[in-house]
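Novice: Here's a structure for you.
The values are calculated or read from the model by the stated rules, or taken from the named source; none is laboratory data. Here the structure is a predicted model, which is why all the values come from computation and not from measurement. All Cβ positions, glycine included, derive from the backbone under ideal geometry; neighbour counts span all protein chains shown. Quick note on the areas: whole protein, heavy atoms, side chains included, nothing else; ligands and nucleic acids left out. Shrake-Rupley method; radii C 1.70, N 1.55, O 1.52, S 1.80 Å.
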Amino acid sequence: MRATALVIVYTLCIFAASAQQKLILKDGWAMQSSFTTAINGADVSQKGYSTAQWYKVSVPTTIIAGLLANHVYAFDPFMDTNLARIAGPQFDTSWWFRKEFTLPAGQKGKNVVITMHGINYKANIWFNGTLIADTAAAKGPFRFFELDVTKLVKYNGSNVLALEITRPFNPNRRGGDLAIDYADWIHYPADYNGGIINNVEVNIYDKVAVLHPFVETNFDLPSLKTAHLTVYADVVNYSDAPVDAVVKGKINDDVLFKQKVHLDANERKEISFAPEEYKQLNISNPKIWWPWQFGKPNLSRIQLSAVRNQNTSNTVSERFGIRQVTSQFITGNAREFIVNGKPILLRGAAWSPDIFQRRSAKRQEQEMKLVRDMNINIVRSEGKFEDDNFYDLCDKNGFLVMTGWMCCGAWQYPERWTPAKRVVAMASDSSMMYWLRNRACIVTWLNGSDMPPRDTTVERSWLTIEANLHFPNPLLATANESDSKVSGKSGVKMAGPYEWVPPAYWEQDSGKVGGPWSFATEISPGPAIPPYESLVKFISKDSLFNTSKYWKYHAGTMQFGNTHIFDSALYGRYGTPTSMKDYLAKAQAQNYEAEKAMMEAYGQYKHVTATGVVQWMMSNPWPGIIWHTYDYYLYPAGTYFGMKKGLEPVHAQYSYKTKEVFVNNSLLKNYAGVGLEVRTDVYNIDGTRKFTEVDAKNVPGDSVVKFLTIPAIEGLSQTYFVRLQLREPKGKVLSINWYWLSQKEDELDFKKSTWFYTPQSAFTDYTALQQLPKTSIKIAHTAAPKTDSTTQLLTVTNTGKAVAFFVHLRVLKNKGGDDILPIIFDDNYICLAPGETRRVNVTYKNTDAGSSTPYFIAEGWNVDMLHSTQTKNTAVVAANE
């Protein structure tokens, strides 16, 4: 390491000046295993070394992702138990990643620094024949490494970077490596995500550089008229002599500031611009960043340049949000987050990356559209961090992100860390603070997941780092309810459930487990069964039943390696399925009602006892049958639409406990004066209406208002329906929300609650749904095509005398083809009263639809399948099959 310096920091460089200041080394890499090929670092990092027999890859990539990209395996790794077939001793040895590159012309004499983000787990790094960092120094997937290669670089001709990477071992165990861990989510890939999991960059400077700018916002709350901005940045002298420079700053092209800086040889230091000294940083009437439900997520831009001898050495630019996040405790121990002085109920789900850490901007954008469509306002990411594009999308869409360290394995037991691992942990925390502190979307950082750090010196050290780097948001010691000996109460909880519980569960909990009190950072009613169209993509048709070994393999692990609890409830509540098709129809209904109820309960008690809830999870790392809202193939099914319905911004909902009807307004819009109107209808199983009431009340912004209590109804059938319609008086319908209920209610045995579920002592009776009277529907659809997308308006009418129950709308690429995915429906799995007409918009990308004619299907529990083909832009009426 004689001619280089290894600096463990993070540099985020989105240059607005010359593109020559940064190269991203993405394509043209070669990858090979040392298990099959003897490789010498000094040789492989020289020009002319042959990689003809190596795998061609693009970075970022893990080992297995690279092998899959090279079509090494003649099978789908997701089908049945094929993942277990990707195994062998080759994954336990080191793998080489090699890249040749040239510098742009005219850079001679400048400083060249290689920045790496995401070495999993440790590497010997060679450059032009010289070892510049060994595995003791280059270790940890969440760290950012700076390697100054100025004395080794070839300004003309080829340079060669070669990394010998060894995967992590036992990250899921105490004493293992501090790497990516999946706990009980999935089976681990054989490489444990070994490889390069984020960008490799070459940065070029002229002696001095300004790095990782950060803008901190403070308001004179509750006033938002003036934002007081403080700007921080690091300045580095890469030369062996003192330098004088000027750091020039600009915010949104109209706020200018600058500061002279003197740096000793090889000095790195922080500079700041305080609003007390730089009056222009007191911004009047600022464009504020808001979570989407409270306003526009306006983004600003900070640009800093390091200037030496009137020449710009580098320019770094980042987007940021003018916003301030704080928190407070309500009811003594429930942490409520506050954005720009406004308390906000956070309701969302937990993100997971692909099992092989494969990322694409297209996929991320597709998923974020689904996130927004579900009305989610918070995304949790536990111990797995994405790339800049992911956080860009969260910033732009007005999502909040809860993130931090992982549970259960090596990260959870710092008392077992060696001194070397402690170095990795501290450097990782520093890197993450540099990387994420400027992100508008980040609402909090968790220094622990399932418990506070068990070694108090670790939490104290992390808190010191976070304070020194000015992390602007609340810091939590843990995602659970434990008190930290260092930082006190967390104000959040992880009291379960993670398995099926009925809708009645949420309000019956008296404050001991998962009910609507405090902030539930991970919680779920368990399995989320994909539809048949997705299941057959990863479970062989002849094994497609809910007790097969392949079914269980695609559940979770340990306690969650089957769907027994969910299935017992389904059989007891809806009746024993007559076929797998019947099972899947009932599973969608059970997923829908459970997910909706959880979100509604937390909404009903917001700002009183409840402050937040995170569904475990939003997405799966691979095709699975538990813990997701949409499946791996982006198919939105029962869980998705239950979540979307329960999170409607202005929503009418029913209390399973009290039979009351409430309106939850999650917007700041005030419906006082004009008021809102709720129509409540109750239907018998045969479709006769037994009760109707219309109520109108004022609904202030961000409030919950009770509208009525449904009285005892004479002549009500054992199983019945409640329909709630919310609208502006004589105006727009804001919500239509259906419930199927029974006079025999679910009963829970809270005394037998465990950390992952509460058992039922009796099941509700929905078996009458199997004998619903038949009805008929018709669908008209018209298309509104645009350049890149098409919106179909589906008009669905129930022409019969019974309730049309749980009608699933689908749009296929063509007759007999696959569903168009991803796809956005205004609503789905809908119910219709006799004579009712619903209008549902459906939007999809034209590229996802293909070139054939779209084909429409509607199917429900008591409705024969309906199908039709789109014809240009005219209305088409579908007929029953």
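Novice: Over the range 105-221, what is the relative contact order in percent, taking alpha-carbon pairs closer than 8 angstrom and at least six residues apart?
Specialist: On the way: 203 pairs, mean separation 41.1, N = 117.
Taking the mean separation of contacting Cα pairs over the length of the range 105-221, I get 35 percent.
Novice: Still on this structure, please answer the following. Just the number, please: carbon plus sulfur as a percent of the accessible area of the range 29-101, 1.4 Å probe, no ligands or DNA/RNA counted.
Specialist: Values: 1590 of 3170 Å².
Carbon and sulfur: 50 percent of the exposed surface of the range 29-101.
Novice: Assigning unit charges at the beta carbon (Lys, Arg +1; Asp, Glu -1) and nothing else, what dipole magnitude in debye, to the nearest 20, does the range 727-881 show about its Cα centre?
Specialist: Values: 17 positive and 16 negative charges, 108 e Å.
Here the size comes out at about 520 debye.
Novice: Separate question: How many nm is it between the label spots at Asp848 and Ala467, if each spot is 7 Å from the Cα in line with the beta carbon?
Specialist: 4.7
Novice: Same structure again: Tell me, what HN-Hα J-couplings in whole Hz come from the Karplus equation 6.51 cos²θ - 1.76 cosθ + 1.60 at θ = phi - 60° for each residue of the range 850-858, using x for Gly and Pro?
Specialist: x, 9, 7, 8, x, 10, 10, 9, 10
Novice: Continuing with this model, one more query. Quick check for me: using +1 on Lys/Arg Cβ and -1 on Asp/Glu Cβ, what's the dipole size of the range 504-645 about its Cα centre, in debye to the nearest 20? All intermediate terms of the calculation are to be shown ahead of the outcome.
Specialist: Values: 12 positive and 11 negative charges, 30 e Å.
Its charge dipole is roughly 140 debye.
Novice: To test your reading of the geometry: what angle, between 0 and 90 degrees and rounded to tens, separates the Cα axis of helix 419-436 from the longest principal axis of the chain?
Specialist: 70
Novice: Right, another one. Between Thr754 and residues 5 or more places away or on another chain, which pairs have amide H atoms under 5 Å apart, with H built 1.01 Å from N, and which residues are they?
Specialist: none
Novice: For Cα pairs less than 8 Å apart in space and 6+ apart in sequence, what is the mean separation divided by the residue count of the range 406-523, i.e. the relative contact order in percent?
Specialist: For the range 406-523, the relative contact order is 21 percent.
Novice: Filter the cross-link list Lys110/Lys269; Lys110/Lys250; Lys296/Lys342; Lys606/Lys657; Lys296/Lys669; Lys56/Lys151 down to pairs whose alpha-carbon distance in this structure exceeds 19 Å. Provide the component values of the computation, followed by the final result.
Specialist: Working: Lys110/Lys269 21 Å; Lys110/Lys250 25 Å; Lys296/Lys342 14 Å; Lys606/Lys657 17 Å; Lys296/Lys669 13 Å; Lys56/Lys151 29 Å.
The answer is Lys110/Lys269; Lys110/Lys250; Lys56/Lys151.
Novice: Under 5 Å between amide H atoms, partner at least 5 residues away or on a different chain: which partners does Ala133 have, H built in plane at 1.01 Å?
Specialist: Amide H to amide H, under 5 Å and 5 or more residues apart or across chains, Ala133 pairs with Ile125.
Novice: Let me ask something else. Can you list the HN-Hα couplings for the range 567-582, worked out from phi with the Karplus curve (6.51, -1.76, 1.60; θ = phi - 60°), rounded to whole Hz and with x for Gly and Pro?
Specialist: Values, residue by residue: 5, 4, 5, 4, 5, x, 8, 9, x, 5, x, 8, 6, 5, 4, 5 Hz.
Novice: On to the next question. Quick check on the range 624-726: take the gyration tensor over C-alpha atoms, sort the square-rooted eigenvalues as a ≥ b ≥ c, and tell me if it's rounded (a/c under 1.5), prolate or oblate.
Specialist: It is oblate, given that a/c is not under 1.5 and a/b is not larger than b/c.
Novice: Compare the Cα positions of Gln310, Gln293, Phe337 along the charge dipole of the range 284-355 (+1 at Cβ of Lys, Arg; -1 at Cβ of Asp, Glu; about the Cα centre) and return the one farthest towards the positive end.
Specialist: The residue sitting farthest along the positive end of the dipole is Gln310.
Novice: Taking the Cα centre of the range 271-353 as the origin, how large is its charge dipole in debye, to the nearest 20, when only Lys and Arg (+1) and Asp and Glu (-1) carry charge on their Cβ atoms? Walk me through the numbers before you get to the answer.
Specialist: Details: 10 positive and 4 negative charges, 53 e Å.
Here the size comes out at about 260 debye.
Novice: Give me the percent relative contact order of the chain, please, defined on Cα pairs under 8 angstrom at least 6 residues apart. Please report the intermediate quantities before stating the final value.
Specialist: Working: 2237 pairs, mean separation 77.7, N = 881.
9 percent.
Novice: Now for a different question. Can you find, among Thr629, Ile713, Asn698, the residue sitting farthest towards the positive end of the charge dipole of the range 605-739, where Lys and Arg contribute +1 and Asp and Glu -1 at Cβ?
Specialist: Result: Asn698, furthest along the dipole toward the positive end.
Novice: Further question on the same structure: If Lys and Arg each add +1 and Asp and Glu each add -1, what is the summed charge of the other residues whose beta carbon sits under 15 Å from the beta carbon of Asp788?
Specialist: Numbers: positive: Lys362, Lys369, Lys786, Lys845; negative: Glu365, Asp848.
Overall, the nearby charge balance is +2.
Novice: Give the residue from Val486, Ala410, Met433 lying farthest towards the positive end of the charge dipole for the range 405-489; charges sit on Cβ (+1 for Lys and Arg, -1 for Asp and Glu) and the dipole is referred to the Cα centre.
Specialist: Farthest towards the positive pole: Met433.
Novice: Taking the Cβ of Arg268 as the centre, find all other residues whose Cβ is under 11 Å away and add up their charges (Lys, Arg: +1; Asp, Glu: -1). Let's see the in-between values first.
Specialist: Details: positive: Lys269; negative: Glu146, Asp234, Asp264, Glu267, Glu270.
Once positives and negatives cancel, what remains is -4.
Novice: Using protein chains only and a probe of 1.4 angstrom, how many square angstrom of Met865 are accessible, to the nearest 10?
Specialist: 60
Novice: Additional query: With the crude spin-label approximation of a point 7 Å out along Cα→Cβ, what separation in nm comes out for Asn698 versus Lys751?
Specialist: Distance between the two pseudo-spin positions: 4.8 nm.
Novice: Against the longest alpha carbon principal axis of the chain, how many degrees, from 0 to 90 and to the nearest 10, is the axis of helix 388-397 turned?
Specialist: Its long axis makes an angle of about 40 degrees.
Novice: What number, rounded to the nearest 500 deg cm²/dmol, is the helix-based mean residue ellipticity at 222 nm of the chain, given -39500 (n - 2.57) per DSSP H run of at least four residues and division by all its residues?
Specialist: -4000 deg cm²/dmol
Novice: So what are the ³J(HN,Hα) numbers for the range 678-686, from phi and the Karplus equation (6.51, -1.76, 1.60; θ = phi - 60°), rounded to whole Hz, Gly and Pro as x?
Specialist: Values, residue by residue: 10, 9, 10, 10, 10, 10, 6, 4, 8 Hz.
Novice: Taking amide H positions as placed 1.01 Å from N in the peptide plane, with prolines and chain starts having none, which residues 5 or more places from Asp184, or on another chain, fall under 5 Å of its amide H?
Specialist: It is none; the list stays empty.
Novice: Could you check the spin-label model distance between Leu256 and Thr787? Points 7 Å from the Cα along Cα→Cβ, value in nm.
Specialist: 3.6
Novice: All other residues with a Cβ under 13 Å from the Cβ of Pro472 taken together, and with Lys, Arg as +1 and Asp, Glu as -1, what is their net charge? Write down the numbers at each step before the final one.
Specialist: Details: positive: Arg323, Arg437, Arg439; negative: Glu216, Glu466.
It works out to a net charge of +1.
Novice: So, one more: For the chain, report the accessible area per residue in Å² (1.4 Å probe, heavy atoms, rounded to an integer). Please list the in-between numbers first.
Specialist: Values: 31180 Å² over 881 residues.
Value returned for the chain: 35 Å² of accessible area per residue.
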